[in-house]
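Only one structure is covered here, and it is reproduced in the block below.
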Amino acid sequence: MKGFDEVHNDKNKSIKCVTSVFTIFFENPYWVGVLEENYNGINYIGKYVFGAEPSNSELLQFYIYEFDKIEKIKISETEMETKKISFKKSLNKSKKVQNKIGVGTKSQNLFQKAFEEIMEIRKKKHRMEENMDKEEKYKKKQEKKLEKRKGH
């Protein structure tokens, strides 16, 4: 019989570790939920905006019907730690990481990084579309110029 951490999927690949954390916090003026997932060493993040403060029944409805529909973005791949670390060492390690990162939680920082990457992609796409529009306008202008020269 297989253990909890050695469950196999259809493709005969073992799932070593799946962890997910859903955090709800107030980000003026809305309540926001951030989903952090680690699936076999690959980190994913997603965001859901609630609007007004969700009640317990609204959270239950969200979990039943909407939770699996959260769009997740792949953040990074990390090697999974297999050896156990003592509590004090892990505490010191986390303090060092928090001091390096700065303001905000890990999920907020990762989400900000992913958001910046998406914005860069959008900017590049927008620039390309603008250049295409300029080229089309220039070609039309040249065609009009040629039509005027030919005369009627």
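Read-outs throughout are calculated quantities, based only on the coordinates presented, and are distinct from any laboratory measurement. Values in this document were obtained by computation on a predicted structure and should not be read as measured data.
Residue pairs exceeding 18 angstrom between C-alpha atoms, taken from K47/K123; K72/K123; K74/K113; K72/K106: K47/K123; K72/K123.
I need the shape label for segment 83-152. Rule: rounded when a/c is under 1.5, else prolate if a/b > b/c, else oblate, with a, b, c from the alpha carbon gyration tensor. Prolate, because a/c is 1.5 or more and a/b exceeds b/c. Above 17 Å lies some portion of the pair distances; for segment 24-94, what is it as a whole percent of all C-alpha pairs? Here the long-distance tail beyond 17 Å is 60 percent of all Cα pairs in segment 24-94.
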